[in-house]
1. How many nm separate the modelled label positions at A:R61 and B:E273, each set 7 Å beyond the Cα in the direction of the Cβ?
2. Go ahead and run the numbers for FRET between A:T202 and A:K112, Cβ-Cβ distance against an R0 of 30 Å, rounding to 0.05.
3. Which trypsin sites (Lys or Arg not before Pro) in the range B:89-163 pass both tests, a DSSP loop state and at most 12 other beta-carbon atoms within 10 Å?
4. Where nothing but the Cβ of Lys and Arg (+1) and of Asp and Glu (-1) is charged, how large is the charge dipole of the protein assembly as shown around its Cα centre, in debye to the nearest 20?
5. Please give the residues from the range B:328-343 for which the solvent-accessible area of heavy atoms, probe 1.4 Å, is smaller by at least 50 Å² with all protein chains in place than with the chain isolated.
6. Any idea how far the Cα center of the range A:211-230 sits from the one of the range A:103-123, in Å?
7. Residues in the range B:159-176 near a label at B:T182, defined as backbone nitrogen under 17 Å from the 7 Å Cα→Cβ point?
8. Take the Cα of A:F250, step 7 Å along the line toward its Cβ, and report every residue of the range A:110-145 whose backbone nitrogen sits under 20 Å from that point.
Number of protein chains: 2
Amino acid sequence: MSTDLLVPETRVLAVASHVVYGYVGNKMASLVMQLLGCDVAALNTVHFSNHTGYRQFKGTRATAEEITALYEGLTQSNLTDFDVMLSGYAPSAAAVEAVGAIGMDLQRKAEKNPGSFFWVLDPVMGDQGRLYVNDDVVPAYKNIIRHADLILPNQFEAEVLSNTKITSLSTLASAITAIHNTYKIPHVIITSVSLPTLTPNTLTIIGSTTRSDGSARLFRVDVPALDCYFSGTGDMFAALTVARLREAVFTDPDPQLRNTKSWVSPDEVPATELPLARSTVKVLASMHSVLERTLEVRDREMKSGKPVVDGVDGVDGEDSAERKKSEHLRESKAAEVRVVRYGGLLRQPEVEFQATEWRSEDLPV
Amino acid sequence: MSTDLLVPETRVLAVASHVVYGYVGNKMASLVMQLLGCDVAALNTVHFSNHTGYRQFKGTRATAEEITALYEGLTQSNLTDFDVMLSGYAPSAAAVEAVGAIGMDLQRKAEKNPGSFFWVLDPVMGDQGRLYVNDDVVPAYKNIIRHADLILPNQFEAEVLSNTKITSLSTLASAITAIHNTYKIPHVIITSVSLPTLTPNTLTIIGSTTRSDGSARLFRVDVPALDCYFSGTGDMFAALTVARLREAVFTDPDPQLRNTKSWVSPDEVPATELPLARSTVKVLASMHSVLERTLEVRDREMKSGKPVVDGVDGVDGEDSAERKKSEHLRESKAAEVRVVRYGGLLRQPEVEFQATEWRSEDLPV
C-alpha cells in the first residue's frame, strides 16, 4: 500500500475481547485500524476460542484487576501516549469500571492539550431488545460514558442509556438529545436503526454532534442492507470510525478543530459537514465493500461441498440435531468477515454514500 | 493493496505471546502475516503489557490447560482447517507440551493429504549463550521438535538442540546435520549466525533442506547488519517465512511439491533453488527494508526532545539511576519495529538479496 492511502499516524489503545479464530472484538478492531495505518495497543478483556455466535466457545475472561494491571504496566514504562482510546466489550461491571478508570486517566494526562486525546466508547450491553450482560453492567456504563467523547450504541443500547423507547424517528431524536444532555457526550452514532417507517432493505445510521446549546445536530446515512448476519460489524464500524474521524478532523477546513476539546465543530457547521458525518460515509462505504465480498465468498463456500459432521451420517432424531448444530457452525464460519484479503477495499472503497441533514422539526411526531 | 501482492490464501494457527504495546511475539507475527494476506488464528500464550526488553512489564501467562482448552474450543466448532501452524514462545515446559500436542493433532488430521499442513516451530529458549526459560523447557522442546517441518533456532538454540558447540562454519554445518538426523526435521534455518570468521557488519543466515540420505543441503544469505537492537525480529522472520515459504512452494516449478510431505524438494534440486532459499531471500529483503525505516524513525525520535521522566529533574545518585532507567525505556519504545506504516515494504521490499550454495566440503575444518 502506498502510505497516502493510510490515515494520519494515530496511536490507539483498543480495549476489547480477543478470539483466537475469526473477526470480532479486538481481533476485528485492531486489524482494521492497523490496515488503515494506526499503531494499535491491544488490551484484551477476554480470551475466547471464537465468537459466541457459534453458540459454543472455550476460554477465559480477564478480571478487572488484570485489566488494571496491564494498564499499570503501560504507565510505568511511559507507553501511554495514545491519541485515541477505543473501548468495547468488558466482561463484568467491575471490568467496565476498570476500563472507565483507564479512559479517565488518559484524559487527565491530556487535559493540558485539548483535542490531543479522544475516547470512542462502544457500550456493549445487548441487542434486539435483550441485554446480554449482567444487570449491574448498565449502571457501570451509565457512570463511565459521561467521560467519553463519542459513543456508538445500537438502537437497543440507546434506549437503555436514554430511558427512551425508540418507536419512531422523533423518539430516536429525543433519545439522542437525552444522551447529549444527560451524559454531556458530544458525539453519538446509533449504528443500526430499525423502525417500521424506514425504507425496507436499507440500513439507516443516525449520528449527531451536539451544538453549544445542547441540541442535537443530526445527520442520517442510508445504505443498502446485505442479506446476511455478520458478527463483528459493530467492532468494524467502531474501528473504522476511529481512523476516519481523526482523519476528518485533521483535514477539516478549520485548522483549530484538532486543538478543540472533543473535536466539537462550531455551531454554524451544518450536520453534513461535520467530521463525524464525513467520517461515517467513508466508514460505511468501506464496510459495504468488504461485506459484499464476504457475502460472495460465503455463498460460494456454503454451496460447495456437503455439511461436514465428523462421523455422523444418519438422518434420524439425534443425528438431525447434530446435523443442525453442524450446519450452524458451518454457516457461522462461512460468514466470518473477510478483512485480511480486502485491506485495499477498506482503504479505498468501491462505493460512495451521502449523509443528509436531518432536522427534528421536520420529523413526524 | 492490490491482491496480487498478497501470498496465496493461507490459514495459519499462530501460537505465541501477546503484548498490549509494541511488536513482538504474536502481536508482531499475526500482523505481519495478515499484511501479507494470511488468515491468522491467534492463540496467545502470555498476556503482557509490553516486551521484556523494557526490563519491566505486567500481565499473566496462560497455563497449559488454558492453551489446550482454547484449542479444544476450535476443535469442537470445526475451526481447525489450518494450512500452517507457527508456534513461538510458550511460558513453561507444560505449555510447550500443550503446544506440541496441538501441532501433532493438526498433523494427524492432515495425514491423508501430504503437504496440506506444515508446522513452523521457533524453539524459543534463549540467546547469546544464555537460557531464558526454565531448564525443563529444553527437554520439552527436544520432544516436540521431531514433529515440526521447519525449525528456526538462533545460533545458541541450535547449539542446545544439537549438543554441538558452534565455533566455526564447519561446526555450524555439523549442528544442522545433527538437527536433521537426530530429530528428522526436514528444514532448518539458523536465524542469526555470529562467528569471528564472518564478514563484519553482516548478518549471516544459514538454512538447509535435508536430502533423502539425511545430509544437509545448505544455503547462506548475507545481509548488511543494522546498528540497532530490535525486539521481535525473530517473530517477524518466522511470520514472513510462513507466508513466503508457502508462496514459494505454490509457485515451485514442480507442481507436485505442494502435495509432498513436508515440502521436501527432490535431491537434484540445488540448495539455492529450494523454496526455503527462495523464501529466505524475500523474507530478509522485507525485514531489511522495514528495519531500515524503523532505524530512521527511531533516530529522529531519540534526537527530538529531552528524555521524559515524570517529576524527576535532579542529577545526583538516585535520580541518575532513575534517569538511566527512563532513558532505557525511551530507547526501547523508539526501537519498536514500525510494521503498520510499512506494510507496503513488507509486500514489496526495496532491496534484493541472493542465496549462495554452501557445501560443507568447501569449509575450513
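The values are calculated or read from the model by the stated rules, or taken from the named source; none is laboratory data. Because the structure is predicted, anything quoted here is derived from the model rather than measured. All Cβ positions, even for glycine, are placed from backbone atoms using ideal geometry, and neighbour counts span all protein chains on display. Each accessible area value is taken on the protein alone, full model and side chains, heavy atoms only, with ligands, DNA and RNA left out. Shrake-Rupley method; radii C 1.70, N 1.55, O 1.52, S 1.80 Å.
1. Label at A:R61, label at B:E273, 5.9 nm between them.
2. Details: r = 45 Å, r/R0 = 1.49.
Rounded to the nearest 0.05, the efficiency is 0.10.
3. Working: sites: B:R108, B:K109, B:K112, B:R130, B:K142, B:R146; in loops: B:K112.
Filter output for the range B:89-163: B:K112.
4. Details: 72 positive and 92 negative charges, 1 e Å.
So the magnitude is around 0 debye.
5. The answer is B:K333, B:V340, B:R341 - residues whose exposure falls by at least 50 Å² when every protein chain is included.
6. What the calculation gives is 24 Å, centre to centre.
7. In the range B:159-176, the label zone of B:T182 (backbone N under 17 Å from the point 7 Å along Cα→Cβ) covers B:159-168, B:170-176.
8. A:110-111, A:113-121
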